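Below: one structure, written as structure tokens.
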Amino acid sequence: LTTPLYAMVIGAEMLLSHFQLKKYYTVKETLMNVYLTLLNAGIDLLFRSVYVFIILQWFFNHQLFSFQQHPVVYWLMLFVLEDLAFYFEHRVDHYCRLFWAVHVTHHSSEEFNLTTGFRSSVFQPLYRFLYFIPLALLGFQPMDIVLMYAITQIYGILVHTQMVKKMPAWFEVLFVS
């Protein structure tokens, strides 16, 4: 659903960097980022049905808590806890050699632009769901977890650009730290 938005924002960044005579994009790196994105997305889509409808559903069926709160509280808690789970995943990706070997693809681009945010390892979808298991055990629906992951990844792309010299303090507090 967000692909048209991403295409417009990336296109705008490409045009602005071209007119400002700054080399944020090369054809080679952009094509590599698109290629890795398509591989990652393909594997993720294939494997997602397994980890959502079988693995996470099993843990949800054996949940430790019955989460029957107000919908606003449910979604706010899911937002915070999913973002925390992603923080731990990303931290492990940087500090564990095995997972760094998978994650380093994301950091291997010679440019730093919005397409770099999509440059992900093709193997990451095979273990990412492990960080969602505690959320299912806490009583969050598997489809809600995956939806919230997609939502939180939308703002994650914004930290992969040189066009914005410094993010506003409120953005860093809410989304980056």
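The values are calculated or read from the model by the stated rules, or taken from the named source; none is laboratory data. These numbers were taken from a predicted model, which means no experiment stands behind them. Heads up, the Cβs are rebuilt from the backbone with ideal geometry, glycines too, and the neighbour counts pull from every protein chain shown. Surface areas here come from the heavy atoms of the whole protein model, side chains and all, with no ligands, DNA or RNA. Shrake-Rupley method; radii C 1.70, N 1.55, O 1.52, S 1.80 Å.
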Modelled label-to-label distance, Y155 and F65, 7 Å Cα→beta-carbon offset: nm?
2.1
Treating the Cα atoms of the chain as identical point scatterers in vacuum, please give the log10 of the normalised Debye intensity I(q)/I(0) at q = 0.12 Å⁻¹, two decimals.
-0.63
Projected-area mean, the range 1-57, by convex hull of Cα positions, square nanometres:
4.9
First compute the accessible area of the range 36-79 with a 1.4 Å probe, then give the percent of it belonging to carbon and sulfur atoms.
74
Calculate the FRET efficiency for V34 and V72 from the Cβ-Cβ distance with a Förster distance of 35 Å, rounded to the nearest 0.05.
0.40
What net charge is computed for the residues neighbouring L138, neighbours being all others with C-beta under 13 Å from the C-beta of L138, Lys and Arg scored +1, Asp and Glu -1?
-2
Per residue, how much accessible surface does the range 1-137 expose to a 1.4 Å probe? Answer in Å², no decimals.
63
Run the simple label-point estimate for L137 and H107 please: 7 Å along Cα→C-beta, distance reported in nm.
2.9
Between the range 83-141 and the range 1-46, how many Å separate their Cα centres?
19
Dipole magnitude of the chain about its Cα centre (Cβ charges: Lys, Arg +1; Asp, Glu -1), debye to nearest 20:
300
Label-to-label distance, nm, for residues given as L21 and V80 (7 Å Cα→Cβ offset):
5.0
Return a whole-number percent for the relative contact order of the chain, with Cα pairs under 8 Å and 6 or more residues apart as the contact set.
34
